[in-house]
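The values are calculated or read from the model by the stated rules, or taken from the named source; none is laboratory data. Note that the structure is a prediction, hence the values are computed from the model and not measured. Here the Cβ positions follow ideal geometry from the backbone for every residue, glycine too, while neighbour counts run over all protein chains shown. Just so you know, the surface numbers come from the protein's heavy atoms only, side chains and all, with ligands and any DNA or RNA stripped out. Shrake-Rupley method; radii C 1.70, N 1.55, O 1.52, S 1.80 Å.
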Amino acid sequence: MSLRDSNVIIIETSRTHIRAGLGLYELLKTPSVELLARVGLRKTGEASTSSKPAVTDYIVGLPLEEALAGPDASDIVVSWPFLEGEVVDFVQAEALWKHVLFTHLQRKRTVNESPVLITLPTAVPSRAIYERTCQIFFERFNVPAFAILDRPLAQLYAANSLSGVVVDIGQDYTDITPINEGVLMHSGKVQTKVGTRMCRHYLAHLLKSNTSVAQGLNLASLDPTQTHATLLRLANQLVAAGLVKPPTSGEAAPPPEDEGVTDIAAVVVAGKERAVIESGMKKKLNAKASAAEQARAREIEAMDLVTVEFEGKELTVGKERHRFCEPIFDPALVEGLGLEQFAAALEPGGEGLPPVSLVEDEGRKVEPLQDAVGGAVAKADVDIRQYLWQGLFVTGDITRFVKGIGAGLQSRLSPFITATGLDTDVQPKSIRVLNVPEYYAEYRDTGNGYAVFLGSSIVAKIIFNDNNARNYLSKADYTTKGPHGIIEMSPSLL
């Protein structure tokens, strides 16, 4: 069967977002479709009387956003079918995928010539979930070929590596997956309730102490909930503008200044003696006059102030914005701040999300990210840990806007590779941070945030050009083997 690259569809399904794109090109492109992975269901009407809603009962995408912004928003129940790291409702999942394929990508079910490669947010690959997903795409969407790629593998492939530890930072959860030679190490997989939503609320709390912000927004006239909602929008704007930089263990030294050394021989040969002497005299006079200005400039630079326009007002924000990532590395900082009281509906697109929590599902407190990563690698055999530490890959939506989280995590992981007195060949010597290579031109300004989509595009370009069809399930194979056929094409399930 001949499958054309221009017809291939990539669908990235995460806990909170769905991204998709049509066509594979020599210059791999970023996703053309991006929407929140949520559905809405009206409380009133025929849908509420039926025992189980149908796919057509759910509101998805732009119609859902418009409905939530309208007067009847309180009549809509919002659900996130992938939030828990698995598919909790396949009818809701089908409504989302159907919207992507037939509304955004304009495919036709009757004549569907687009093979699909999809990634799922499942913490541990499940045969039942893979088979049901395969069944939906063949029987409901009529695709000619189908493949499932494990999400952590796609992320690591995007960094041009086969071994490492993938740290996928999401809104409410962070998934940590060790991978050795392209094989998922399920025993070392860790899921922790460290996410960027906690960081956004924390930054909003810090901004409340900024005098310029408080006066500019007249926070004294607002109640606590309105104040926090306003500051949360400001925090989101600062993050999206790339104005947040997490502290790292080392900063690049500035380039050396011109020491004023003049090449005398070159000046004489050129006959420019008088011009050089006059220029030197002017520099000395200007140096005295501008000394105070330079001192003031250095003072301002040390304060690291930025001025932003927010909702029609100009606000000055200082270094507190760089503390955005602190809750990831030290969740105890958020304890006692009362951030759990603010409903998720305060956040843009947060309808239906649970409140911020500092307690894991098992009842224990959330541990710092560096401890969770160190614990995940420690579950691997001693002789392969050094290879895992050579591929620390931090990804997630937040890495599109906040650069340097990987370096910040690297500096905090040093205690986990400190020599224990046994200098052996298997003792890890260092930690290497991976990033998406810069030769992917379309991804240079996206950090590691689109790693799943990039890795999936690379794999799709390879497998769908394989005439032996050993890594995807064709429609003919599905007719013979049924949904179980996808298991043979998924190495992590064998």
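Mind checking which pairs have a first residue in the stretch 363-377 that is within 11 Å of residue 388 (Cα to Cα) and touching a residue at least 60 places away in the same chain (Cβ under 8 Å) and a second that is open to solvent by 10 Å² or more (accessible area, probe 1.4 Å) and part of a loop (DSSP other than H, G, I, E, B), Cβ under 9 Å, 6 or more apart or different chains?
Partner pairs satisfying both residue conditions: 376/185; 376/189; 377/428.
Determine the pairs where a residue that is closer than 12 Å to residue 379 by Cα and polar (S, T, N, Q), located within the stretch 165-191, has a partner that is open to solvent by less than 40 Å² (accessible area, probe 1.4 Å) and in a helix (DSSP H, G or I) with Cβ atoms under 9 Å apart, the partner being 6 or more residues away or on another chain.
Final answer for the pair search is 177/151; 177/152; 177/153; 177/155; 177/156; 177/188; 177/376.
Restricting to helices (runs of 4 or more DSSP H) lying wholly in the stretch 439-494: which have 3 or more residues that are within 17 Å of residue 119 (Cα to Cα)?
451-463, 485-488
Tally time: how many residues in the stretch 453-488 are modelled with pLDDT of 90 or more and of a type in the set (D, E, K, R)?
4
State the number of residues belonging to the stretch 87-113 that are more than 27 Å from residue 474 (Cβ to Cβ) and either out of contact with any strand residue (DSSP E or B) (no Cβ under 9 Å at 6 or more places or on another chain) or open to solvent by 80 Å² or more (accessible area, probe 1.4 Å) (or both).
Number of matching residues: 1.
Being open to solvent by 10 Å² or more (accessible area, probe 1.4 Å), among the polar types (S, T, N, Q) and not in a helix (DSSP H, G or I) narrows it down to one of 370, 427, so name that one. If you could, list the steps in order and put the result at the bottom.
Numbers: 370 fails: not in a helix (DSSP H, G or I).
Answer to the check: 427.
Are there any pairs with C-beta distances below 8 angstrom linking a residue in the stretch 430-455 that is under 24 Å from residue 11 (Cβ atoms) to a residue that is basic (Lys, Arg) and surrounded by 21 or more Cβ atoms within 10 Å (Cβ to Cβ), with the two at least 6 apart or on different chains, and if so which?
Final answer for the pair search is 450/19; 452/19; 452/151; 453/19.
Counting only residues that are out of contact with any Gly (no Cβ under 9 Å at 6 or more places or on another chain), among the aliphatic types (A, V, I, L, M) and either loosely packed, with under 15 Cβ neighbours inside 10 Å or more than 13 Å from residue 329 (Cβ to Cβ) (or both), how many does the stretch 373-413 have?
Residues meeting the conditions: 2.
Restricting attention to the stretch 137-149, does a residue exist that is open to solvent by 70 Å² or more (accessible area, probe 1.4 Å) and outside any loop (DSSP other than H, G, I, E, B)?
Yes, the stretch 137-149 has at least one match.
Among the residues of the stretch 60-67, are any charged (D, E, K, R), in contact with a Leu (Cβ under 9 Å, 6 or more places away or on another chain) and farther than 30 Å from residue 480 by Cα?
Checking the stretch 60-67: at least one residue is charged (D, E, K, R), in contact with a Leu (Cβ under 9 Å, 6 or more places away or on another chain) and farther than 30 Å from residue 480 by Cα.
Using the structure shown, decide if residue 282 is loosely packed, with under 11 Cβ neighbours inside 10 Å and either farther than 18 Å from residue 203 by Cβ or at pLDDT 80 or above (or both).
Spelling it out, residue 282 is indeed loosely packed, with under 11 Cβ neighbours inside 10 Å and either farther than 18 Å from residue 203 by Cβ or at pLDDT 80 or above (or both).
Quick test of your reading of the structure: residue 416 fulfils all but one of (1) under 16 Å from residue 165 (Cβ atoms); (2) open to solvent by less than 80 Å² (accessible area, probe 1.4 Å). Name the failing condition by number.
(2)
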